[in-house]
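Here's the structure we're looking at; comments come further down.
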Amino acid sequence: MSDTPHSPPSAFTSDNPLLQAWQTPFQTPPFGEFAPEHFLPAFEQAFADHAAEIAAITHDPSAPDFANTVTALERSGKLLAKVSAVFDGLVSAHSNPALLEIDKDVSLRMARHWNPIMMNAVLFGRIAQIHENRASLGLTAEQSRLVERIYIRFHRAGAGLDEAAKARMAEINERLAQLGTTFSHNLLGDEQAWFLELGEDDLDGLPDSFVAAARAAAEERGLAGKAVVTTSRSSVEPFLKSSRRRDLREKVYKAFTARGDNGNAHDNNAVIPEILALREERAKLLGYPTFAAYRFEDSMARTPEAARNLLERVWKPARERALADRDALQDLIAKEGGNFALAPWDWRYYAEKLRQIRADFDDDAIKPYLTLEGMIAAAFDCAHRLFGLTFSERKDVPVWHPDVRVWEVKDAAGRHQALFYGDYFARASKRSGAWMTSLRDQQKLDGDVAPQIVNVCNFTKGSEGEPALLSPDDARTLFHEFGHGLHGMLSNVTYPSLSGTSVFTDFVELPSQLYEHWQEQPQVLQQFARHYQTGEPLPDDLLRRFLAARQFNQGFATVEFVASALMDLEFHSQPASAVRDVGAFERAELEKIGMPAEIAMRHRPTQFGHIFSGDHYAAGYYSYMWSEVMDADAFGAFEEAGDIFDPATAKRLHDDIYSSGGSRDPEEAYVAFRGRKPEADALLRRRGLLETPQAA
Ligand SMILES: [Zn+2]
């Protein structure tokens, strides 16, 4: 790449669709026009533009003020945001080998572009001066919050350090970026290398939907006509739940929990101590005793102790419930004449049997009522009843794949509010999981900019002419991602860096997890869960059993989550020198908390991508539960009002939570909505962990 010119020649620029004004409805990206070779030149141009904008701020001879520094900074980097949104969107939802190759290059270039900006002494000097005088500048509440956020962001990036420390920070950042990529590539390597081929007599107990997916997975691996179990969670969990073959369950379980820990070329055991040592060194350069202390300063929880207190409060009843369930599962094995101790690979299988006995409910019974169309309509209808939004499908907006659908979203007064893209079906070019992202964020800095929001899921398409049917988990995921989507669509802030989901990690799951509550309300299901063949509504009896079954096995689910969250806190609170041997550290910590031997952590260290593929969730995995305390408590406000669409409560929810983005302190926003701080009891009640164990 040494002969790449710093700025591409303008003749090329004019040909590059990423660098042109888009003549499409709502100025959306013209996806049909992009080719992989457009991206690097577009990034080059975007980096150059951004660097020039930053230089204009730092070379400004006039004294720093809000307009010439903070506003100018908020206006900078528009092209970079635009190119990144399209590129990141394609890499995750519709990639190809060429894009993935470019991605490796882009992540390093991105670190090299941002390091000198975030550590620019002149820029930081101007920001610090404004921050120092902020009380006397006549700023609005949002402007004042913005100054505070920008100051903290630069301070935490090392902008205030001396030159030697900055140079070391830059080295650490680049090395951490590489190690994060190594960690995820290792994990992917182990995941791609292992699969279990199923013969015709290995299918005992497996539902048709699983076998169909296993055949598709075999075909992708060049084994047409065969069926395979892979190490993806969506393959492993249903297999462990339904396979009657104990020997195969053991094989699959062991392969799944050994990812990254196989002593082969993809082993992550050496990567983890180096990541932890570098994170600790970075925290110490900035004056914090541990990475956890550094990380928590910029969170709603504020201290590692606050997060640990919550996790421990949940751990005790969850563990007790899990131990009681373990005994019940062992009894079931004995009743069936089994002469073996319950092992980790047995838990899901016997738990599913026990659920069918206790709750008389099986996920497959409800699936015919949960059509994708019905659940999309339900999610839209709830948004209409809560926030007055209406949705109309548009066929004229360019998309990245023919399965992607687009809706125009209007507010209660009929004004354009947002565009919403739904990309629901699994395909080989899409990474696993489900997520929300944006092609453009809301802001009002230079006139109203309406957001363009994307939901991506991995649901299974209906077979030949049949509609797509969702499992209860899928339906919940659809509402979850749509809740994130609403956080982006309803955003009503002036400054781009405070828009929508630009909030603390331990607050960001509140709008999404809260929205899940509406999906499981009887009045919503009665209206939108209709049999795909007969159109009959969900029978009351099935609905009742479905809702009752939701609390089943919550001891297990809570234990596997909380154990991972506590492990994450320990990794980042103890001195990095304590983690020379990852396996020994893991065993010692699990023993300390009394982890039941029959349950594995949701993510063992060598496969814990949330905390080791990048920094975002490092010492932050507790965030899901922190947000859950709020979502369970927040939904209580509607229950107390006696109406799940109560207009006054919905208006507060809109004003204080869904529309305010990062423009307010999150605790203050929550208290404004709820009238008090959140209480953890609602979470324990929702998970069924407040009653005595036998009541399940
Ligand atoms: Zn989420």
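A few remarks follow.
- The dipole here belongs to the stretch 543-696: it is taken about the Cα centre, uses +1 on the Cβ of Lys and Arg and -1 on the Cβ of Asp and Glu, and is about 380 debye.
- Net charge of Cβ neighbours under 10 Å - reference A475; Lys, Arg +1; Asp, Glu -1: -2
- Here's the picture: charge each Lys and Arg Cβ at +1 and each Asp and Glu Cβ at -1 in the chain, and of W407, L478, Q143 the one pushed furthest to the positive end of that dipole is Q143.
- Take each peptide in 674-681, 317-324, 240-247, count the other Cβ atoms within 10 Å of every residue, and average; sorted highest first, the result is 317-324, 240-247, 674-681.
- Scaled to the globular estimate 2.2 N^0.38 Å, the Cα spread of the stretch 443-524, given as radius of gyration, is 1.34.
- In this Cβ point-charge picture (+1 for Lys and Arg, -1 for Asp and Glu), the stretch 489-565 has a dipole of about 120 debye about its Cα centre.
- Of the two radii for the stretch 539-613, the radius of gyration is 1.17 times the Kirkwood radius, both from the alpha carbons; that is the Rg over Rh value.
- Take every DSSP beta bridge whose two residues both sit in the chain; close to 75 percent of them are antiparallel.
- With a Förster radius of 56 Å applied to the C-beta separation of R302 and D541, the computed FRET efficiency comes to 0.75.
- Shown for the chain: the carbon plus sulfur share of the solvent-accessible area, taken with all protein chains present and a 1.4 angstrom probe, equals 51%.
- Relative intensity, log₁₀ I(q)/I(0), of the stretch 440-488 from a Debye sum that treats every alpha carbon as a point, q = 0.15 Å⁻¹: -0.56
- Low-density loop positions, trypsin sites (Lys or Arg not before Pro), the stretch 331-410 - DSSP coil, at most 11 other Cβ in 10 Å: K395
- Rounded to the nearest 20 debye, the dipole size of the chain about its Cα centre is 660 debye, using +1 on the Cβ of Lys and Arg and -1 on the Cβ of Asp and Glu.
- Divided by 2.2 N^0.38 Å, where N counts the residues, the Cα radius of gyration of the stretch 154-277 comes to 1.50.
- Kirkwood hydrodynamic radius (C-alpha pairs) into Stokes-Einstein, the stretch 387-445, 10 °C and 1.306 mPa s, D in µm²/s: 120
- The chain: translational diffusion in µm²/s, Stokes-Einstein, Kirkwood Rh over Cα pairs, 20 °C, 1.002 mPa s: 79
- Above 23 Å, the calculated P(r) of the stretch 391-486 contains 29 percent of its Cα-Cα pairs.
- Neighbour net charge for D403 - beta-carbon separation under 13 angstrom, K R +1, D E -1: +3
- Cα long-axis angle, helix 505-519 against the chain (0 to 90 degrees, to the nearest 10): 50
- For E200, the solvent-accessible surface with a 1.4 Å probe is about 130 Å², rounded to the nearest 10.
- Summing charges over neighbours of E312, with a neighbour being any other residue whose Cβ is under 12 Å away from its Cβ, gives +4 when K and R count +1 and D and E count -1.
- Angle in degrees between helix 304-335 and the longest Cα principal axis of the chain, rounded to the nearest 10: 20
- Taking the alpha carbon gyration tensor of the stretch 170-223, multiplying each eigenvalue by 5 and rooting it gives semi-axes of 38, 10, 9 Å, largest first.
- Rg/Rg_ref, the stretch 634-685, where Rg_ref = 2.2 N^0.38 Å and atoms are Cα: 1.14
- Viscosity 1.306 mPa s, temperature 10 °C, Stokes-Einstein D of the stretch 97-208 from Kirkwood C-alpha radius, µm²/s: 87
- Three-way shape label, the stretch 213-336, alpha-carbon gyration tensor, a/c 1.5: oblate
- Per residue, the stretch 404-463 exposes an accessible area of 40 Å² to a 1.4 Å probe, with every protein chain left in place.
- Were the residues from R394 through S209 laid out at 0.36 nm apart, the gain over their Cα-Cα distance would be 63.4 nm.
- Approximating the spin labels as points 7 Å out from Cα along Cα→Cβ, the D643-to-R431 distance works out to 4.3 nm.
- Helix 623-641 and the long axis of the chain differ in direction by around 80°, with both axes built from C-alpha atoms.
- Order by protection proxy (mean Cβ within 10 Å, highest first), peptides 497-506, 227-236: 497-506, 227-236
- A helix-only calculation puts the chain at -17000 deg cm²/dmol for mean residue ellipticity at 222 nm, using -39500 (n - 2.57) for each DSSP H run of at least four residues, averaged over all residues.
- Calculated over the stretch 39-153, the projected area of the Cα convex hull averaged across directions stands at 7.8 nm².
- Shape call, the stretch 310-352: gyration tensor on alpha carbons, a/c limit 1.5: prolate
The values are calculated or read from the model by the stated rules, or taken from the named source; none is laboratory data. Keep in mind that what you see is a predicted model, and the values were worked out from it rather than measured. Methodologically, a virtual Cβ is constructed for each residue, glycine included, from the backbone with ideal geometry; neighbour enumeration extends over all protein chains shown. Protein only, heavy atoms only, side chains kept; ligands, DNA and RNA dropped before computing areas. Shrake-Rupley method; radii C 1.70, N 1.55, O 1.52, S 1.80 Å.
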